[in-house]
Structure formats: structure tokens, C-alpha cells
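Here is the structure we will look at.
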Amino acid sequence: GLDGTWYGGYAYDDPTAPSIAEMATTGLVTRGVHLDIPKVRGTDWVDADQPVTGADLDEALAEAQVTFEPGDALLLDMGRDRYEAAGNEWVADRNPGIGDDGARWIAAHGVSIVCWDFLDAFHPDQPLAPVHMLNWAIGLVLVDNCDFGRLRAAGGAPGSTGALVIA
């Protein structure tokens, strides 16, 4: 929330406000688009000094020859499983992730759900939590700490699409 309100201007303490819990009773289903940003960049994981941008997302879509449609879910693979397997640990104020430019891309493209492994970039040149602020600004649903290593191992190539079911 922001300034005492949730998305849509509902006050924190308004018992009549809509809730994500309402979605939990039926689940969510949409097309998911898996983008592997480190693959596009030629690295194993996203570097903390280079937050993910809209250009990265566009390049990953172009390479995969996939069109992102409003309402699709973005499965944003930034290589966290490989980062941790290499012995790296998160540092409180300096983490890899998506930055302000990438958050603007998400808002402009009508993303309905972001499933991601790293979260917002924590970088001194970036605003704090730009994608998380989209919860409040546009009602974006986030699924944090996803493990895309399993998706890749199962043959989920970058740019692959399929039904995303959250139940």
C-alpha cells in the first residue's frame, strides 16, 4: 500500500475493499511467457550493476519470436538459481533484479502477473521497489521467488509460452 491506501484507493482498514483473497477461491489462469534474461545477455545471472530494462524484455521476446499480449503473465527468469548455486548471497542493499525501466515496460504492456526469481533491483541509481509499487499503481499480481531451473530442466526454453495456473 501507499499513503494509507491499497490499489484502487481503498483505505487499509476498509473491510469492504476487494482482496487478493477473493482470487484465491477460484485461482488465476492466463498465458505465461517465460523470458530468460541472462541467456539474452550471455551471462549466468543478472548482474546487480545492470538492472533488467524494457530493452532486455523486448530483446528476449524478439529472440524467442514471441509477442507479449496484454493480460499475459511474465515469467521473468533472471538466473537466481544459478546465482545461488555459484555461492552468491543476497546483500541487503545491492541485489540483482529488474529496475525502473523494466517496471515501466511491465505497466505499458498490460502484464497481469509477474512470476520472478530475483525481485526489484536494489541499486543506488534505482528507485526503491519499482515493480512492487505496481501492486498499488495498477493492481499487478506478483509471485515471488520462483525456481525457473526446474522449468528449464523440463524443456521450458526461453520464450516458451503455456497456460499459467495459480491455484
| task | Scan around SER160 for amide H atoms under 5 Å from its own, H built in the peptide plane at 1.01 Å from N, and keep only partners 5 or more places away or cross-chain. | result | HIS34
| In angstroms, what radius of gyration and Dmax does region 73-133 have, counting Cα atoms only? | 12.0, 36
| task | Just need log10 I(q)/I(0) for region 35-83 at q = 0.20, 0.27 Å⁻¹, Debye formula, equal scatterers on the alpha-carbon atoms, no solvent, rounded to two decimals. | result | -0.65, -1.08
| task | Mind pulling the angle between the C-alpha long axis of helix 54-64 and the longest principal axis of the chain? Nearest 10 degrees, somewhere in 0 to 90. | result | 60 degrees
| Cut-off under 5 Å, modelled amide H: who pairs with PHE122 long-range | ASN95
| Euclidean distance between Cα centres, region 34-74 to region 76-125, Å | 11 Å
| query | Counting other Cβ atoms within 10 Å of each Cβ, which trypsin sites (Lys or Arg not before Pro) in region 72-167 have at most 12 and sit in a DSSP loop? | reply | ARG94
| remark: Along region 133-144, Karplus-curve 3J(HN,Hα) (6.51, -1.76, 1.60; θ = phi - 60°) to the nearest Hz, with x for Gly and Pro, reads 5, 6, 3, 6, 6, 10, x, 5, 8, 10, 10, 7
| message | Two decimals, Cα atoms only, Kirkwood Rh: what is Rg/Rh over the chain? | response | 0.97
| request: Rank these residues by their accessible area, most exposed first, probe 1.4 Å: CYS146, CYS115. | output: CYS146, CYS115
| said: Show me, for region 93-107, the HN-Hα J-couplings you get by feeding each phi into the Karplus relation (A = 6.51, B = -1.76, C = 1.60, θ = phi - 60°), rounded to Hz, glycine and proline as x. | reply: 10, 8, 10, x, x, 9, x, 4, 5, x, 5, 5, 4, 4, 5
| message | I want the antiparallel fraction of DSSP beta bridges within the chain, as a percent rounded to 5. | response | 40 percent
| remark: Interchain or sequence-distant (5+) residues whose placed amide H lies within less than 5 Å of the amide H of VAL143 are VAL114, CYS115, TRP116
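The values are calculated or read from the model by the stated rules, or taken from the named source; none is laboratory data. Since this is a predicted model, take the numbers as computed values, not measurements. Reconstructed Cβ throughout: ideal geometry from the backbone, glycine too, with neighbour counts over all protein chains shown. Note: accessible area is taken over every heavy atom of the protein model, side chains too, but ligands, DNA and RNA are not part of it. Shrake-Rupley method; radii C 1.70, N 1.55, O 1.52, S 1.80 Å.
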